[in-house]
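Asker: Next up is a structure, given as structure tokens.
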Amino acid sequence: MGIESYDARISLFYRIRPDLTQDELAVLLTVDRLYRNLPDDLPDFRKRYAHLDPAILKRPHEGITFTRVAAERGGADRLRQKLNDYLNIKFHDIKHPRSYAANVLSFKRKSLVATEILDEILLRAALPAPIVEVFREREEVRTCHDFYEMLRLYQRAADERLRYEVLRKLGLIVLIARINRSVELAELEIRKREIWQAFDKRLRSTPKGKKHYFYWLTPANRIVCTTDERRARSAYREATEARRRHACGVLPLQRFGCRPFRTYSGVQVLHMEIRNKFRFEGRLSYTSCVEKMVRKNLEFPNQVHDAIGIKIVVEREEHVHGIIRDLESFLGGSSTRKQEKNTYHRFGKHRLKEDSPPRYFVWKAIYDIPLPHPSVAPLRRILSQTRGIRPARQELQNRLRHLLDNPKDFVIEVQIQDIGSYLLSIARGSPTEHARLKTDQIRSNSFYKFFPSEVYARELQRLKQRLLRPC
């Protein structure tokens, strides 16, 4: 929607209802934007994720067992047995089926997680509250955690939205089960510690110091930083006045503390951090992984290669190559490096002018790292308790030797940034702030896959009509 179109729409809205508040106007303009540009990969996504394809509401997909069972006639016991057969296939291996009572407990846990994912997607999309209410999962689906009751809800549903939300929830439950089979979630924090210890030991040659950067944004949203607090406060006041003149939001002077060190080759690292993609605000969260799979049309959880990520921050871009050499001195050389990518690659290019767009750069790649097999530590504990039981001890020792001789590859993502780009990624109000980039990713792609226009656009229009109705 161009500037002229905005002007015309705003004028029209005020002619229909002159007492519109600014918040109501923002909702109306957002409604007009949603579903205007759908992602190009939507047809491909729906082939891969049939449960999230609204078309199956009109012509059932033959590969979806749930819809086949829903179309059958039979008593509650017979239907529960069919549903339990389905859960055993999705939740367990083929040799160890479990009862419906046991499976439904696991189903409930995953059902709660599915709802949490949808809530977090809406939160990260940063939509106005009245629009969020339109998209929020229906209460009947939200509170339904028994598979048979979900089937009955689907069979009785009078509208397509309710049936779509049942299928979407089931699709997410199945995806969560697949993630659990592919990723050792309980071990990720252990793996994170092992990786951090390896990087810290093999990169750091000098003790950690302490350094503070003070930073702020120019009217062009470029980052300016210094370690001199007095100079920072003076320059920040000038930048604040300039932002006011340019009608930009005024932000506080921001501060970042780091502990620089030098690598064994002499390159200075300003900051190093590690994250677990399945942790959010100190708790287990599937949202980032599921959103990425949906956004990128990934069919298998093991295609997500950044469950653990390391970020290394250097002072200048030209130091990035030195860090790569340092990394590969203990990661096994370039043969272990996959999917190398430079975002806005600028090595060797001229510096941009003050009024140019923000300069943002990140180098990243995927690495295979051999780590001890996760069974090594438990086996050693068991061995310490089996003294005197010779046959069992010998068997355990043979197994331990095999595991020690065959470490397990673990895939991590490594990112390297210069300090300016890193500060842009954490600066409040920056166009490249991490939270804003995530919002943009969701609003441009995955949002439309979780909340398809065929199901929700009509209700959005009802919201618009309510807001334009004279008070």
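Asker: For region 112-126, take each phi angle, set θ = phi - 60°, evaluate the Karplus expression 6.51 cos²θ - 1.76 cosθ + 1.60, and give the result in whole Hz per residue in order, putting x for glycine and proline.
Answerer: 5, 5, 4, 5, 4, 4, 4, 4, 6, 4, 5, 5, 6, 6, 6
Asker: Taking the Cα centre of region 157-252 as origin, sum charge times position over the Cβ atoms of Lys and Arg (+1) and Asp and Glu (-1), and report the length of that vector in debye to the nearest 20.
Answerer: Dipole of region 157-252, to the nearest 20 debye: 440 debye.
Asker: Shifting gears a bit: Could you tell me, in Å, what Rg and Dmax come out for the Cα atoms of region 106-178?
Answerer: Cα-based Rg and Dmax for region 106-178 come out at 12.3, 35 Å.
Asker: With the cut-off at 23 Å, tell me which of the pairs LYS110/LYS292; LYS364/LYS438; LYS95/LYS292 have Cα atoms farther apart than that.
Answerer: LYS95/LYS292
Asker: Compactness ratio of region 15-91: Cα Rg over 2.2 N^0.38 Å, N = residue count?
Answerer: This ratio for region 15-91 stands at 1.85.
Asker: Further, regarding this structure: How large is the convex hull of the C-alpha atoms of region 174-268 per residue, in Å³?
Answerer: Details: hull volume 17.2 nm³, N = 95.
Measuring per residue, one finds 182 Å³ for the Cα hull of region 174-268.
Asker: Continuing with the same structure: Report for the chain the percent antiparallel among DSSP-assigned beta bridges with both residues inside it, nearest 5.
Answerer: 85 percent
Asker: Please identify the chymotrypsin sites (Phe, Trp or Tyr not before Pro) of region 413-462 that satisfy two criteria: DSSP loop assignment and at most 13 other Cβ atoms within 10 Å. Which are they? Let's see the in-between values first.
Answerer: Numbers: sites: TYR422, PHE447, TYR448, PHE450, TYR456; in loops: none.
Here no loop site has a sparse enough neighbourhood.
Asker: Taking the Cα centre of region 51-109 as the origin, how large is its charge dipole in debye, to the nearest 20, when only Lys and Arg (+1) and Asp and Glu (-1) carry charge on their Cβ atoms?
Answerer: 140 debye
Asker: Could you give the spread of the C-alpha atoms of region 183-338 along their three principal axes, from largest to smallest, in whole angstroms?
Answerer: Projected onto the principal axes, the Cα atoms of region 183-338 cover 51, 40, 27 Å.
Asker: Continuing with this model, one more query. Run the helix sum for the chain: -39,500 (n - 2.57) per DSSP H stretch of 4+ residues, divided by residue count, reported at 222 nm to the nearest 500 deg cm²/dmol.
Answerer: Values: 20 runs with 240 residues, N = 471.
That comes out to -16000 deg cm²/dmol.
Asker: Which of rounded, prolate, oblate describes region 27-166, given a ≥ b ≥ c as roots of the alpha-carbon gyration tensor eigenvalues and a/c under 1.5 marking rounded, otherwise prolate only if a/b is larger than b/c?
Answerer: Prolate shape, in that a/c is at least 1.5 and a/b is the bigger ratio.
Asker: Find the centroid of the Cα atoms in region 169-206 and in region 295-309, then give the distance between the two in whole Å.
Answerer: Using only Cα atoms, the two centres lie 12 Å from each other.
Asker: Under the √(5λ) rule applied to the eigenvalues of the Cα gyration tensor, what semi-axes describe the equivalent ellipsoid of the chain? Give them in Å, descending.
Answerer: The equivalent ellipsoid of the chain has semi-axes of 41, 40, 17 Å.
Asker: Something else: Please list 3J(HN,Hα) in residue order for region 228-245, calculated via the Karplus relation 6.51 cos²θ - 1.76 cosθ + 1.60 where θ = phi - 60°; whole Hz, with x for glycine and proline.
Answerer: These are the phi-based 3J(HN,Hα) values: 8, 5, 4, 4, 4, 5, 5, 5, 5, 4, 5, 5, 5, 4, 5, 5, 4, 4 Hz.
Asker: For region 189-202, take each phi angle, set θ = phi - 60°, evaluate the Karplus expression 6.51 cos²θ - 1.76 cosθ + 1.60, and give the result in whole Hz per residue in order, putting x for glycine and proline.
Answerer: So the J values, rounded to whole Hz, are 5, 5, 4, 4, 5, 4, 5, 4, 4, 5, 5, 5, 6, 8.
Asker: Note down the magnitude of the dipole of the chain about its Cα centre, charges +1 on Lys and Arg C-beta and -1 on Asp and Glu C-beta and zero elsewhere, to the nearest 20 debye.
Answerer: Values: 90 positive and 59 negative charges, 186 e Å.
For the chain, the charge dipole is close to 900 debye.
Asker: Of LEU371, LEU170, how do they rank once you tally other Cβ atoms within 10 Å and put the fewest first?
Answerer: Listed from fewest to most nearby Cβ atoms, that is LEU371, LEU170.
Asker: Calculate, axis by axis, the spread of Cα positions in region 389-471 along the three principal axes, and write the results as whole Å, longest axis first.
Answerer: 86, 40, 21
Quick note: the coordinates plus some simple rules give every number you see, no bench work behind them. Just so it is clear, the structure is predicted and the values come from calculations on it, not from any experiment. Note that each Cβ is placed from the backbone with ideal geometry, even for glycine, and that neighbours are counted across all protein chains shown.
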